[in-house]
1. Can you find, within region 320-341, the residue that is nearest to residue 389 (Cα to Cα) among those that are in contact (Cβ under 8 Å) with a residue 24 or more places away in the chain and not in a loop (DSSP other than H, G, I, E, B)?
2. Just checking: which of the strands (runs of 3 or more DSSP E) contained wholly in region 528-632 hold 3 or more residues that are open to solvent by 30 Å² or more (accessible area, probe 1.4 Å)?
3. For region 483-501: of the residues being touching a strand residue (DSSP E or B) at 6+ places or on another chain (Cβ under 6 Å) and acidic (Asp, Glu), which is farthest from residue 436 (Cα to Cα)?
4. Consider only pairs whose beta carbons are under 6 Å apart and that are at least six residues apart or on different chains; among these, list those whose first residue lies in region 348-367 and is open to solvent by less than 70 Å² (accessible area, probe 1.4 Å) and whose second residue is among the β-branched types (Val, Ile, Thr).
5. Which numbered condition in (1) under 30 Å from residue 158 (Cβ atoms); (2) surrounded by 21 or more Cβ atoms within 10 Å (Cβ to Cβ) is the only one that residue 100 fails?
6. Here is a list of conditions, (1) modelled with pLDDT of 85 or more; (2) not in a helix (DSSP H, G or I), and residue 349 meets all of them except one; can you say which number that is?
7. Scan region 175-202 residue by residue and report those that are surrounded by fewer than 16 Cβ atoms within 10 Å (Cβ to Cβ) and either modelled with pLDDT of 90 or more or of a type in the set (Val, Ile, Thr) (or both).
8. Of all residues in region 118-141 being in contact (Cβ under 8 Å) with a residue 60 or more places away in the chain and out of contact with any strand residue (DSSP E or B) (no Cβ under 9 Å at 6 or more places or on another chain), which is surrounded by the fewest Cβ atoms within 10 Å (Cβ to Cβ)?
Amino acid sequence: MTNTDGGGAALAKTVRTAVASPGADDRPFAIMRYAKLRSVTSIKGSSKHMRRDIPTPNADASISANNPILIGTDDPAADVLRLVPKIGARQGDPENGKLLRRSNSVLAVEVLMTTSPEWWRSSTRADRDAWVAQSTAWLVAEWGEENVAHLEFHMDETTPHLTGLIVPLDPDTGGLNARRWIGGKASKMNPGTSLISGHQTRYAEAVEDLGLRRGLIGSTATHQSVAEYYRRVNASDDLELPEITTPPMFGREKWANDLRAQVHEAIKIKAAKAAELPVEHRKGVEARRAAEINADALERAKEARRALSDQMRALPLASVLDALGLAVDPKDARKPENRQRWIAGPEGDRTHKIEIDGDKWRCIKGAKGARGAIDLVKYVTETDFNGALSWLADRFGTEATAADLLAAQQRRIMPTVEAAVKERPPFNPPAADPEAWPAVRRHLIEERALDADIVDAAHDAGDLYAQSRIGPHGGQLVNAVFVQRDADGIATGAEIKGIAKLRDGSRFSALAPGSDKKRGAFRAGLREIGDAVRVVIVESAIDALSALGLIRRKAKTASPITIISTAGDGNVPEPILAAVAADAKRFAGQDRNAAGDAQAAALGDGWKRLPPALPHEDWNDWAVADAEARSSGGAASAPSTDAAADASNLTTNTTPDLAP
């Protein structure tokens, strides 16, 4: 039986007890908070944090592997997505039944349960075990066993805590309905009456016997949400307003104007502070993404090094010393080969005493040391680099010597490579110039005929912005930057399009330096590829935005659609294709020409050809012509009489695959 009551009734007992027994309560707090996750990307991000797949600075990595999973598997995201209804699924009647998942549904609720830090310092092992058991039991009883997708105990942080993911399925309909569980706000007159407050009160009661208590009713002192944080910052109660005194007898108009100016200045200062918050938040998000990119790049460098290891086998120093005529010191005879001391010359008059430790060596007699077989041979035989190579090749063969040389070179180079990867991510997005954005926006809407709402949505999402730079012949060049992202939303590159025409009538077009087209692509429409019911492939970012507007307007469909740009060459990144849902309808929307046909054919079976309508070669040409026709009151381009073209045109009611 699940509990969906508000906090009012649950608080009554607490209030009566407090009134009957007044006095300070210094018991530690029981802490519980929720966070709503509305996208697959946010669920995957939460999953990576839970499983420590991304760096977690405040966690002890040496014990992270021992964090126990109490509910679910070692893939929290998969645990959630198994329970989330499919896009378009309906209750009962597949055509007219109630949707089980809306486009704005909360897909999962992240839960955190912990206590004040001082409780962990004073509690016993039995107390801690009881807290884990009671907290888990409360969560399952509160939400229902069928809704708790994942729960694990993080013991690797200073303050241990339980963290998990809940799918808010309505037991009456089987659909997503977070409002039923945690919707609504408390009345200002009656703090603690919201559904969330009820959860917090009941959770505190579930662990009260362990010496814990509920936090202050209605307090936002700790664990406040981002929205609440912004609300508090934007509130008017901390505005530094001027003191309003009695108006003077004379000069009242000037007095009022001065006062108005002071108030205006105070509001400007407050607004500026508030405006900084989302910027700083975005910087934090980008910093975390950059850290993830760096970690991935470093791991790929390490994998490459491991792949080359068979070709770069360092010669074992023990074998080299044996070939040089040295012997193992009798005192070290029982030590492993890679940790021994080797000697030469009679006792009392040793010429060499060389200790080895893996690929490192050090001569005690000569106070000399280095790494690797080549430097060892140079030292012992008193020869140069070529002499050492010749000696090694004679004893161990040319191939083995070459492999040792490659291993030595790799050993010297890898720190430089790893340092470079840590210092700079493989892709650095071009610097944005906010002052140039109005010109770029005007160009895209007025000259490229893109829908203003679509342009603004892409800009707000950080997928489209303006760049300005000094041209090769001087002067400022302004470009539109279309960010390419991988399936998880991390920036991997960018398409750059100039807004000014060149002498030949064309516009500058290029990829940003460092772009990785094998990992990511620019996308328009639904950013979550796996949630798209329809997927369309086009040849450029501007075509993607053009196609989105045309499809929405002419096919009159509001169903979830993602349009992917190949940036010209027809290649769709494998990770992007892999993220497309198996039951999604797929369309090859490349340009209407021989090259576009070839690129569409290369996609393989399952992709229906959907070129722009005749006589237009690409989607933006069509968008421009359509905008001109609408502005002049004329009809849009008439569909071709060719049967195949008719099936592809996006005129109303002629494309059932794209209809609602």
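1. Taking region 320-341 as the starting set, the residues that turn out to be in contact (Cβ under 8 Å) with a residue 24 or more places away in the chain are 320-321, 323-324, 326, 329.
After this cut, where a residue has to be not in a loop (DSSP other than H, G, I, E, B) as well, the list is 320-321, 323.
Values: 320: 12, 321: 15, 323: 14 Å.
In this case the residue turns out to be 320.
2. Values: elements: 534-538, 561-565, 585-588, 607-609.
Fully inside region 528-632 and qualifying: 607-609.
3. The residue in question is 486.
4. Qualifying pairs under 6 Å: 350/343; 353/343; 353/364; 361/354; 363/354.
5. (1)
6. Going through (1) modelled with pLDDT of 85 or more; (2) not in a helix (DSSP H, G or I) one by one, residue 349 breaks only (1).
7. First, pick out the residues of region 175-202 that are surrounded by fewer than 16 Cβ atoms within 10 Å (Cβ to Cβ): 179, 183-185, 187-190.
Within region 175-202, none qualify.
8. My answer is 137.
The values are calculated or read from the model by the stated rules, or taken from the named source; none is laboratory data. Keep in mind that what you see is a predicted model, and the values were worked out from it rather than measured. A quick note on method: Cβ atoms are made from the backbone with ideal geometry, for glycine too, and the neighbour counts reach across all protein chains shown. SASA here: full protein model, heavy atoms, side chains in, ligands and nucleic acids out. Shrake-Rupley method; radii C 1.70, N 1.55, O 1.52, S 1.80 Å.
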